[in-house]
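Step one of this worksheet: look at the structure below.
The values are calculated or read from the model by the stated rules, or taken from the named source; none is laboratory data. Predicted model only: the values in this text are computed from it and were never measured. Every residue, glycine as well, gets a Cβ built from its backbone with ideal geometry; the counts of neighbours run over all protein chains shown.
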Amino acid sequence: MSRLILGAVLAGTLLVPTHSLAEEVVVYSARKEHLIKPLFDRYTAETGVSIKYITDKAGPLLQRLRAEGKRTPADLLITVDAGNLWHAAESGVLAEVDSPVLAANVPANLRDREGRWFGLSERARTIVYSTDRVQPADLDSYEDLADPKWKGRLCLRTSKKVYNQSLVATLIARHGEEKAEKIVRGWVANLAAAPFSNDTKAMQAVEAGQCDVTIVNTYYFGRLQKKQPDIKLALFWANQESSGTHINVSGAGVTRHAKHPDVARKLLEWLSSAAAQGEFAARNMEFPVNPKATPDETVSAWGEFKADELNVNEAGRLQSAAIRLMDRAGYR
Ligand code: FE
């Protein structure tokens, strides 16, 4: 290119308003469109930043980011489960972000130590029981569901789901492999039916009398409760006398090869702000990670509980150990 043309190109660039150059951000999201679009629309209305996004399952999105490498158009990855976030960080597709705003808004146990991802909503995975056949006083903890008193009364979702891998990873972190395996073997021995493909089916099995207790993410319980307000199921906060109820996150990180890293960081900061957090969590009946945000009414109605304070990174770090353990224990 001649100096003259280059000069003209540069001059031309300077004439273009800066926002049309930089104020765009591309998001890959494993969080579903109906949960993120209303927030993106709000952000665009408030800031003028245009947000392009695609949604897909966590696995394919990560594969796509890895395959695209430096050519990726993605600036921000939103995904669910600490195990998936941990994997994304380990596979090198996320950048380290140093943001005092994010550090202030997201509790330390719900984000990556190196700033590669930040939790944006907190979900609890706990016990759901039949109000016809179980008294809350009969319930205690995840560990207790391995007790023979639950023989033929337990339903579980498949071990293939990352939510259960994360739960078992925290059992390993807490108890070590040997004891964790004993607990999982106890669950398997107590199963009333083969593991279900999703949390809702497991709860419906409890409702139908096939079993008396299961373990689910609370937002699935919330959805079922909205459809059937009189459903004879209730939540029980597990491990209140010990480690606290198992929690997990959905979250996001700026990509390593982002073309608009600052715009992406600002969007992430806004998503973690008290102004956005209430809606971000409420749309999926989850809990805000930012303690200054107000939780959704339905969610608050489930009552206060003590949450496990273990760093959710452990779910990722111990995920493959958890998968092997569940396999050994015969949990399919
Ligand atoms: Fe889910």
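Quickly run through region 94-149 and pick out the residues that are more than 16 Å from the ligand (Cβ to nearest atom), closer than 26 Å to residue 84 by Cα and among the small types (Gly, Ala, Ser).
If the condition is that a residue be more than 16 Å from the ligand (Cβ to nearest atom), closer than 26 Å to residue 84 by Cα and among the small types (Gly, Ala, Ser), then 95, 99, 103, 104, 108, 115, 141 are the ones that fit.
Tell me the helices (runs of 4 or more DSSP H) entirely within region 161-250 that contain at least 2 residues that are surrounded by 20 or more Cβ atoms within 10 Å (Cβ to Cβ) and within 15 Å of the ligand (Cβ to nearest atom).
Filter on region 161-250 gives 162-175, 199-207, 218-227.
Quick grid of which residues meet (1) of a type in the set (A, V, I, L, M); (2) surrounded by fewer than 18 Cβ atoms within 10 Å (Cβ to Cβ):
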{"position": "267", "(1), (2)": "yes, no"}
{"position": "296", "(1), (2)": "no, no"}
{"position": "308", "(1), (2)": "no, no"}
{"position": "314", "(1), (2)": "no, no"}
{"position": "324", "(1), (2)": "no, yes"}
{"position": "330", "(1), (2)": "no, yes"}
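Checking the conditions here, which among 27, 49 is touching a His at 6+ places or on another chain (Cβ under 9 Å) and more than 15 Å from the ligand (Cβ to nearest atom)?
Answer to the check: 49.
For residue 36, are the conditions met, namely being closer than 23 Å to residue 273 by Cα, in contact with a helix residue (DSSP H, G or I) (Cβ under 9 Å, 6 or more places away or on another chain), part of a helix (DSSP H, G or I) and touching a residue at least 12 places away in the same chain (Cβ under 8 Å)?
yes
Among the residues of region 1-57, which ones are surrounded by 14 or more Cβ atoms within 10 Å (Cβ to Cβ) and at pLDDT below 95?
23
Check region 286-300 and report whether any residue there is touching a His at 6+ places or on another chain (Cβ under 8 Å) and either under 21 Å from residue 128 (Cα atoms) or at pLDDT below 95 (or both).
Within region 286-300 (the criterion being touching a His at 6+ places or on another chain (Cβ under 8 Å) and either under 21 Å from residue 128 (Cα atoms) or at pLDDT below 95 (or both)), the answer is no, since none of the residues qualifies.
Considering only region 74-103, state which residues are in contact with a helix residue (DSSP H, G or I) (Cβ under 7 Å, 6 or more places away or on another chain) and more than 23 Å from residue 286 (Cα to Cα).
If the condition is that a residue be in contact with a helix residue (DSSP H, G or I) (Cβ under 7 Å, 6 or more places away or on another chain) and more than 23 Å from residue 286 (Cα to Cα), then 74, 75, 91, 93, 94, 95, 97, 99 are the ones that fit.
Taking the residues in region 259-294 that are in a helix (DSSP H, G or I) and in contact with an Asp or Glu (Cβ under 7 Å, 6 or more places away or on another chain) as candidates, determine which candidate is farthest from residue 118 (Cα to Cα).
282
What residue, among those in region 72-131 that are within 13 Å of the chain's Cα centre (by Cα) and part of a loop (DSSP other than H, G, I, E, B), is surrounded by the fewest Cβ atoms within 10 Å (Cβ to Cβ)?
Taking the candidates together, the pick is 81.
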